[in-house]
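Only one structure is covered here, and it is reproduced in the block below.
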């Protein structure tokens, strides 16, 4: 039971950072400085943790925390792709304005 509590504590600590990161990125409205590779590695890590739970047969309440974290990571993915689209839109608008001036 102590091992489950410690694992859950670790997941909660990591998990609390994802909504904060998504909010910060949303407010920034740019993907500059964001890394899809980082989000992908974290996502793969959580999926590996979930897989380990199933392979080891230790399916317990901690698994719920993994899935909650994946939901938060999903929000980060959504914000990342939204911000990429916003950046692309701004770049296209600037290119159009530059073209019109020429």
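For residue 58, which of the numbered conditions (1) assigned to a helix (DSSP H, G or I); (2) modelled with pLDDT under 95 fails to hold?
Of (1) assigned to a helix (DSSP H, G or I); (2) modelled with pLDDT under 95, only one is false for residue 58: (1).
Every residue, every condition in (1) in contact with a helix residue (DSSP H, G or I) (Cβ under 8 Å, 6 or more places away or on another chain); (2) within 20 Å of residue 14 (Cβ to Cβ); (3) part of a helix (DSSP H, G or I); (4) at pLDDT 95 or above, yes or no:
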position	(1), (2), (3), (4)
30	yes, no, no, yes
34	yes, yes, no, no
40	no, yes, yes, yes
44	no, yes, yes, yes
50	yes, yes, yes, yes
76	yes, yes, yes, yes
80	yes, yes, yes, yes
91	no, no, yes, no
99	no, no, yes, no
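Would a scan of segment 60-79 turn up a residue that is surrounded by 10 or more Cβ atoms within 10 Å (Cβ to Cβ) and over 25 Å from the mean Cα position of the chain (by Cα)? Talk me through it step by step, then tell me what you get.
Narrowing segment 60-79 to residues surrounded by 10 or more Cβ atoms within 10 Å (Cβ to Cβ): 60, 62-79.
When the remaining residues are screened for being over 25 Å from the mean Cα position of the chain (by Cα), the result is none.
The answer is no; no qualifying residue exists.
On the given criteria, is residue 63 in contact (Cβ under 8 Å) with a residue 40 or more places away in the chain and touching a helix residue (DSSP H, G or I) at 6+ places or on another chain (Cβ under 9 Å)?
No, not satisfied.
The values are calculated or read from the model by the stated rules, or taken from the named source; none is laboratory data. Note that the structure is a prediction, hence the values are computed from the model and not measured. Every residue, glycine among them, receives a Cβ derived from its backbone with ideal geometry; neighbour counts consider all protein chains shown.
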